[in-house]
Amino acid sequence: MSSYFFSRLKILILSLFFASLIIFFMIEIIPGDPASFMLGINAEPETVDALRKELGLDISRFERYFNWITGMLIGDFGVSYTYRVPVSELVMARIGVSIPLALYAIFLSTLIAIPIGIFSASNHGNFKDWSFMGFTQLGIAIPNFWFAMVLVLIFSIYLKWFSAGGVPGWDKGFFINLKALTLPAFALALPQASILARIMRSALIETLSQDYFRTARASGLTFFQAVKKHAFRNALIPVLTIIGLQFSFLIAGAIIIENVFFLPGIGRLIFQGIVQRDLIVVESVVMLLVFSVIIVNFLVDMAYLYVDPRLRVKK
Amino acid sequence: MKFPISFILGFLLSLFFLVITIISFFWVPYDVETLNIANRLMEPSFENLLGTDHFGRDIFSMIMIGGQTSLSVALIAVGLGLFFGVPLGLISASWRGSLLDDIIMRANDLIFAFPSLVIAILITAVFGPSAFNAILAIGIFNIPVFARVTRGAAISIWTLDFISSARIAGKGSFRISLEHILPNILNLLIVQGSIQFSLGILAEAGLSYVGLGVQPPTPSWGRMLADSQTMISFAPNLALFPGITIILAVLGLNLLGDGTRDLVDPRLKDKIK
């Protein structure tokens, strides 16, 4: 186990290092000085210099990178140029929307995908399988923000079951927020569920044709017992990989979906940062998102250890 | 040769969108640059097949012209991915296990780990929103996809006997990659290309929707959706038709990809059956 763990850890650290370099230098090449941008063109040079000092722009690039990275490690993401409050505060205020939304979407997509995958695999080749796979093709082709708009049209405007946007805040109670997040989470979950169901199906079909599965059936297990005991776990490896890969699509999707539903989450924070040229917010939040994607992929790699015991053996 | 149904359906859908987009370069039913407020928000009719928008412009004409942006951005992004990804994959495969291979594959993993839209946002934050930056943002993420597919397929071909024969005949890695490996993985690249093409259409729509793609007045399918959002309660057609256009175009390309795979590699199908 240890060699696998350390090789993954090495990749994790290298990825984070290069990601931070890329993000930092992309922001660095933006022409213009944030301090003079904030103060306008008529500002006195002394005022601009003072602000540059306050924002920490008067030191060398290398030092700035070093300060940014070490700051991030202890939770200091810098101070927002426009709001003049720590970026960490802005992030903390919004993370309470984005993380529940992402988890809710993953939960929904798994809930939809796994039964469809198993059902299609057990019926594979016949009409039921075909129609389900047709639906998943459609699910992949639908842009999730468009699906979100259609959901609003049906469930908020015509049926008036859900509100068209916003969240009440967690202090108002759990279920009222869950309800407010249901349409956005469902819009996010649909394409994910479609991909996941297809992967689940083909992974299961692959294992169903194995000799050990036939032996299990021959020994008297029913189809579903045999799937549960022998096939499901083997099919889980590609499914896990996809869930990991999908996390980055989920993050991207959430940025757009938050804008459709006017949810005050991380995605809207990035957009405000871009519009207001609040680069420190953009830089730190992008790094945070990349960090979360890399960490999730690391955790997926670790989950293989649990699912696939062969990886626990030292090479 | 029997064509799979997914191939026929996908081919027809893709062809349809390709043809209306090409026609739009020469002719559209109505000029989309002149506004005709008296004619605004018309229901679909014989004069306006899909109705008109809030400025009285013909929606069908806008979808035709919007295809120019949506398809060209996605297509060039695929080209970018092929142009850089395939050589990288070929190099990786022919020097398999070397430091170079390791570096290429690790760099691929790194790009893979980035949430693509977030980087697209970063690129537009730095360089400003435009079609060119949208292509760049989408295209960069196609590179590791093609590199990986190319490497995987090339490695399995490198082990075959006819490659050894080519080696004995005195051909170097470069010539073998070009003359023997590439033609044998072309099918796979076409399949992957059509899938990336469809993903590119979705990505372009997403970027344009949030205002980071092409800028007004150039129409694109994603921008039409963005414009329609505030009017969805009284003019749902404005949102429905461009959305259905995107779905059908993406569906067509995906089916075409799946169908081509079944067509050129029947083994894959047998394995699953």
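Compute the distance from the alpha-carbon center of the stretch B:183-259 to that of the stretch A:99-173, in whole Å.
Here the answer is 19 Å between Cα centres.
Heavy-atom accessible area of B:D262 with all protein chains present, probe 1.4 Å, nearest 10 Å²?
30
For the protein assembly as shown, give the percent of accessible area contributed by carbon and sulfur heavy atoms, probe 1.4 Å, rounded to a whole number. Mind dumping the intermediate values first?
On the way: 19810 of 28560 Å².
Whole-percent figure for carbon plus sulfur exposure: 69.
Mind pulling the angle between the C-alpha long axis of helix B:59-94 and the longest principal axis of chain B? Nearest 10 degrees, somewhere in 0 to 90.
10
I want the local charge near A:T241. Using Cβ-Cβ distances under 12 Å, sum +1 for each Lys or Arg and -1 for each Asp or Glu among the other residues.
My count for the surroundings of A:T241 gives -2.
Please determine, in degrees from 0 to 90 and to the nearest 10, the orientation of helix A:127-141 with respect to the longest principal axis defined by the Cα atoms of chain A, where the helix direction is its Cα long axis.
That works out to roughly 10 degrees.
Just the Kirkwood number for the stretch A:177-257, please: inverse of mean 1/r across all distinct Cα pairs, in Å, one decimal.
14.5
Against the longest alpha carbon principal axis of chain A, how many degrees, from 0 to 90 and to the nearest 10, is the axis of helix A:266-275 turned?
Computed tilt is about 40 degrees.
Is it possible to state the helix-based mean residue ellipticity at 222 nm for the protein assembly as shown, with each DSSP H run of 4+ residues giving -39500 (n - 2.57), the sum divided by total residues, to the nearest 500 deg cm²/dmol? What is it?
Dividing the helical sum by the residues of the protein assembly as shown leaves -24500 deg cm²/dmol.
Provide the packing ranking of A:260-266, A:284-290, A:62-68, A:295-301, i.e. peptides ordered by the mean count of other C-beta atoms within 10 Å per residue, highest first.
Sorting A:260-266, A:284-290, A:62-68, A:295-301 by mean packing, highest first, produces A:284-290, A:260-266, A:295-301, A:62-68.
For Cα pairs less than 8 Å apart in space and 6+ apart in sequence, what is the mean separation divided by the residue count of chain A, i.e. the relative contact order in percent?
27
Amide H to amide H, which residues 5 or more places from A:V79 or on other chains are under 5 Å from it, using H placed in the peptide plane?
Correct list: A:V87.
In a Gaussian network model over chain A where Cα atoms closer than 10 Å are linked, find which of A:S120, A:S131, A:S202 has the largest mean-square fluctuation.
The residue with the greatest mean-square fluctuation here is A:S131.
Which FRET efficiency, nearest 0.05, do A:I295 and A:R64 yield, Cβ-Cβ r, R0 30 Å?
Given R0 = 30 Å and the Cβ-Cβ separation, E is 0.75.
The stretch A:44-187: Rg/Rh from Cα coordinates, Kirkwood Rh?
For the stretch A:44-187, the value is 1.19.
Mind checking the per residue accessible area of chain A for me, 1.4 Å probe, whole number of Å²?
With the other protein chains kept in place, chain A gives 50 Å² per residue.
Springs between alpha-carbon pairs under 10 angstrom, Gaussian network model over chain B: which of B:S156, B:S177, B:S220 fluctuates most?
Its mean-square fluctuation being the largest, the pick is B:S156.
In whole Hz, what ³J(HN,Hα) sequence does the stretch B:228-239 give by Karplus (6.51, -1.76, 1.60; θ = phi - 60°), x for Gly and Pro?
7, 4, 6, 10, 4, 6, 10, 9, x, 4, 4, 8
So, counting K/R as plus one and D/E as minus one, what does the shell of residues with Cβ under 14 Å around B:L182 add up to?
+2
Accessible area drop of at least 30 Å² (1.4 Å probe, protein heavy atoms): which residues of the stretch B:105-120 qualify, relative to the chain alone?
B:R106, B:L110, B:F112, B:A113, B:F114, B:P115, B:L117, B:V118
Given the options B:F114, B:F16, B:F146, which has the most mean-square fluctuation in a GNM of chain B, springs set between C-alpha atoms less than 10 angstrom apart?
The residue that fluctuates most here is B:F114.
Evaluated at 25 °C with a viscosity of 0.890 mPa s, what Stokes-Einstein diffusion coefficient in µm²/s does the stretch A:87-312 have when Rh comes from the Kirkwood expression over alpha-carbon pairs?
For these conditions, the coefficient is 127 µm²/s.
Can you tell me the accessible area per residue over chain B, all protein chains present, probe 1.4 angstrom, in square angstrom?
I get 46 Å² per residue for chain B.
Please compute how much accessible surface disappears when A pairs with B, both sides summed, using a 1.4 Å probe, and round it to the nearest 100 Å². Walk me through the numbers on the way to the answer.
Working: alone 17840 and 14650 Å², together 28560 Å².
Counting both chains, the buried surface is close to 3900 Å².
If you count, for every residue in A:142-153, the Cβ atoms of partner chains within 10 Å of its Cβ, what is the mean?
Mean number of neighbouring Cβ atoms from other chains: 6.
Which residues of the stretch A:271-298 bury at least 50 Å² of accessible area once all protein chains are present, versus their chain alone (1.4 Å probe)?
A:F271, A:I274
Using the C-alpha atoms of the protein assembly as shown, what convex hull volume per residue, in cubic angstrom, is computed?
211
How are the C-alpha pair distances of the stretch B:115-188 spread across 5 Å bins, as whole percents from the shortest bin up?
Going from the shortest bin to the longest, the percentages are 3, 14, 19, 14, 10, 9, 10, 10, 7, 4, 1.
Across the stretch A:87-312, how many lysine pairs, 8 or more apart or on two chains, come within less than 29 Å at their alpha-carbon atoms?
Working: A:K128/A:K228; A:K128/A:K229; A:K160/A:K172; A:K160/A:K179.
Lysine pair count for the stretch A:87-312: 4.
Taking accessible area as the heavy-atom solvent-accessible surface of the protein chains with a 1.4 Å probe, which residues of the stretch B:220-247 lose no less than 50 Å² upon going from the isolated chain to the full protein assembly?
The answer is B:Q229, B:I232, B:I247.
Taking K and R as +1 and D and E as -1, what net charge do the other residues with C-beta under 10 Å from the C-beta of A:I266 add up to?
Details: positive: A:R94, A:R268; negative: A:E258.
Computed value for this residue: +1.
Taking H placed 1.01 Å from N in the peptide plane, check which residues at least 5 places from A:A164 or on another chain put their amide H under 5 Å from its amide H.
Amide H to amide H, under 5 Å and 5 or more residues apart or across chains, A:A164 pairs with nothing.
The values are calculated or read from the model by the stated rules, or taken from the named source; none is laboratory data. Predicted, not measured: the structure shown is a model, and the values here were computed from it. Backbone-built Cβ (ideal geometry, glycine too); neighbour counts: all protein chains shown. All accessible areas refer to the heavy atoms of the entire protein, side chains included, with ligands and DNA or RNA removed. Shrake-Rupley method; radii C 1.70, N 1.55, O 1.52, S 1.80 Å.
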